[in-house]
Amino acid sequence: MRTLIACMLFLGSALSAADLGGTWMMEQAGRGGSQARKTYYYFKVEGNSFTGQMVSSTDSRKVQNGKIDGNTITFETLSSFNDRPNQMRAEFNGEELTISGVGGRGGRGGPAGPPPPGL
């Protein structure tokens, strides 16, 4: 995780999908003023493919069939209680990874970045 943070600080806009490996965090505002929800994505890259895990306080999903195409990635998330994968898509923009569901399925989207130092 520290390596990913250091790379992002030194490379800035040179970040590409090939640098996807590591930990990413997405934070969503809580409903009605409640506490923000944090979702962590753990990606392991092998060439132009990747796998991993998506973890939040209420859910944990396997990341599978990840594909890297330039600054765009696509992947599926699969929960232990539902055998239908959610199609996901993300794009790099500087130091952000904007993640969204595809075809009306999947969770809420939003920007993800490296977690703050110390997490």
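Some notes on this structure:
- One residue stands out among those in segment 67-87 that are of a type in the set (S, T, Y) and free of Cβ contacts under 8 Å to residues at least 40 places away in the same chain: the one that is nearest to M54 (Cα to Cα), which is T77.
- Which numbered condition S80 fails, given (1) surrounded by fewer than 16 Cβ atoms within 10 Å (Cβ to Cβ); (2) in contact with a strand residue (DSSP E or B) (Cβ under 6 Å, 6 or more places away or on another chain): (2)
Read-outs throughout are calculated quantities, based only on the coordinates presented, and are distinct from any laboratory measurement. Keep in mind it's a predicted model, so treat the numbers as computed, not measured. Cβ coordinates were reconstructed from backbone atoms using ideal geometry, including for glycine residues, and neighbour counts include every protein chain displayed.
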